[in-house]
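The values are calculated or read from the model by the stated rules, or taken from the named source; none is laboratory data. Values in this document were obtained by computation on a predicted structure and should not be read as measured data. Counting neighbours? That spans all protein chains shown, and the Cβs are built from the backbone with ideal geometry, glycine included.
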Amino acid sequence: MAELSTLARPYAKAAFDYAKEHNAIKEWESFLSATSQVVSNEEFSALLSNPAISATQRATVLMDIYSDGVAVQSSVALTNFISQLSEHDRLALLPEIHSYYSKLLSQELNVIDAYVTSAYPLTEEQRKTLQESLAISTGSIVLLHEEVDPALLGGATIKVGDKFTDGSVRGKLKQLKTQLTA
């Protein structure tokens, strides 16, 4: 999987830089999202692996499918991007390209994801307080992703980027057990 990320990263960066330069960031995000869903489809995946279908035909089919799903005509840049991917047998990278492009977009907009797992669903007030606290501490706009795990007993765990905070009762009990047995 690391190899796919390594291959996808330069394509995503090039797409993002182009989109930013041409004020088309949202258009490209939508395009990459749609086309990554298409190439993830089993039938289209079979088409990608069929040696009887040329790179040009693959690109054309993908762009036709994309154009059917949107009201706006696809731009020459989008078509060229898909053609380049197809020529280098890289269409299967579109989901990875979209993923990395989304990360670049979040960085550009100064948005971070915070993953909160709590023993019980958060109230609106708790959600707001947590979001504000995280926004102040990170200096970013925070998107909360919530999950409920009753096994935590109480409290919550929070993951922002590579930082993990365990404020759960289960975590506190494990910590106490470690201290008592040490």
What single numbered condition from (1) modelled with pLDDT of 90 or more; (2) more than 26 Å from residue 109 (Cα to Cα) fails to hold for residue 47? (1)
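Confirm whether residue 30 is in a helix (DSSP H, G or I) and surrounded by fewer than 18 Cβ atoms within 10 Å (Cβ to Cβ).
yes
So that you can scan it fast, the table gives a plain yes or no per residue for (1) more than 29 Å from residue 24 (Cβ to Cβ); (2) of a type in the set (A, V, I, L, M):
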{"site": "98", "(1), (2)": "no, no"}
{"site": "107", "(1), (2)": "no, no"}
{"site": "145", "(1), (2)": "no, no"}
{"site": "153", "(1), (2)": "yes, yes"}
{"site": "160", "(1), (2)": "yes, yes"}
{"site": "168", "(1), (2)": "yes, no"}
{"site": "180", "(1), (2)": "yes, yes"}
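For the range 62-155, give me every one of the helices (runs of 4 or more DSSP H) that falls completely inside it and has 2 or more residues that are of a type in the set (D, E, K, R) and assigned by TED's automatic domain parsing to the domain that holds residue 31.
Hits in the range 62-155: 94-109.
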Closer than 24 Å to residue 164 by Cβ, small (Gly, Ala, Ser) and touching an Asp or Glu at 6+ places or on another chain (Cβ under 8 Å): is that true of residue 99 in this structure? no
Take the residues in the range 43-83 that are in contact (Cβ under 8 Å) with a residue 12 or more places away in the chain and among the polar types (S, T, N, Q); name whichever of them is surrounded by the fewest Cβ atoms within 10 Å (Cβ to Cβ). 56
